[in-house]
Amino acid sequence: MASAKHEQDIVVQIAQNFKGIDINPTKLKKLVKAVCKHFTRCEIGDASYEISIAIVNDAQIRKVNKQFLNRVHSTDVISFDLSNDENRKLFELVVNGEMAVKEAASRGHSSEAESALYITHGLLHNLGFDDSTPEQAKKMHDAEDNILQQHGFGLVYNKGKRISNIE
């Protein structure tokens, strides 16, 4: 009974605006819920989570990056914490599906696994992780790979050389 209540405390919505990627929304929602449960700073029963994820193309993420961060380049994920109170978390993630397809093809894993990396990375930022120093980045990327392996995506970040930098 308690686990059913926990599932209701985390609502995940995925809008697939970039159709050139093959993902399993149910599997990605399960990943998001697990990350929120594992890294939350308060009891899940005391907080609710609403996470909206938009999977977009490169042009769309460039537009968001320019509009909200005043950056002109492409990136893999942009995450927003729109929460107004500690007990109601509202996160929005914009994921570059086009980049995920290219990156995955060059590194030999699925675009879904690459997208899962971007989603996990954005969530971890919203949950308090930082990657601004080499030590923090290593800790964050190791956590990402541990999470992704536990959820059936395999080793993603530390698998070979990356074309782009995770921001």
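The values are calculated or read from the model by the stated rules, or taken from the named source; none is laboratory data. Note that the structure is a prediction, hence the values are computed from the model and not measured. No Cβ is skipped: glycine too gets one built from the backbone with ideal geometry, and neighbour counts run over all protein chains shown.
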Task: In the range 128-146, the residues that are of a type outside the set (Lys, Arg) and assigned to a helix (DSSP H, G or I) - done: PRO134, GLU135, GLN136, ALA137, MET140, HIS141, ASP142, ALA143, GLU144, ASP145, ASN146
Task: Residues that are surrounded by fewer than 19 Cβ atoms within 10 Å (Cβ to Cβ), small (Gly, Ala, Ser) and more than 26 Å from ASN84 (Cα to Cα), drawn from the range 111-155 - done: ALA137, ALA143, GLY152, GLY154
Task: Scan of the range 82-124 for residues that are farther than 13 Å from ILE53 by Cβ, modelled with pLDDT of 95 or more and touching a strand residue (DSSP E or B) at 6+ places or on another chain (Cβ under 6 Å), ordered by number - done: LEU82
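Step by step: first the residues of the range 21-54, then only those that are buried (at least 17 other Cβ atoms within 10 Å of the Cβ) and at pLDDT below 85, then the one that is farthest from GLU92 (Cα to Cα). Which residue is that?
Within the range 21-54, the first condition is being buried (at least 17 other Cβ atoms within 10 Å of the Cβ), and the residues that meet it are 21, 23, 28-29, 31-33, 35-36, 40, 44, 47, 49, 51, 53-54.
Subsequent filtering for residues that are at pLDDT below 85 retains 40, 44, 47.
Values: THR40: 16, ILE44: 19, ALA47: 17 Å.
If we take residues in the range 21-54 being buried (at least 17 other Cβ atoms within 10 Å of the Cβ) and at pLDDT below 85, then ILE44 is farthest from GLU92 (Cα to Cα).
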- [ ] Please specify each residue of the range 19-29 satisfying the condition of being within 18 Å of GLY122 (Cα to Cα) and in contact (Cβ under 8 Å) with a residue 40 or more places away in the chain.
- [x] ILE23, LYS27, LEU28
TODO: Check the range 70-91 and report whether any residue there is among the polar types (S, T, N, Q), surrounded by 14 or more Cβ atoms within 10 Å (Cβ to Cβ) and in a strand (DSSP E or B).
DONE: yes
Task: Lone qualifier among HIS121, HIS125 - being within 14 Å of the chain's Cα centre (by Cα), more than 19 Å from GLN150 (Cβ to Cβ) and assigned to a helix (DSSP H, G or I) - done: HIS125
TODO: Could you identify the single residue in VAL101, VAL32 that is out of contact with any Leu (no Cβ under 8 Å at 6 or more places or on another chain), closer than 27 Å to GLN150 by Cβ and not charged (D, E, K, R)?
DONE: VAL101
Open item on the list: Can you tell me which of (1) over 17 Å from the mean Cα position of the chain (by Cα); (2) modelled with pLDDT under 95 is the one LYS63 doesn't meet?
Closed with: (2)
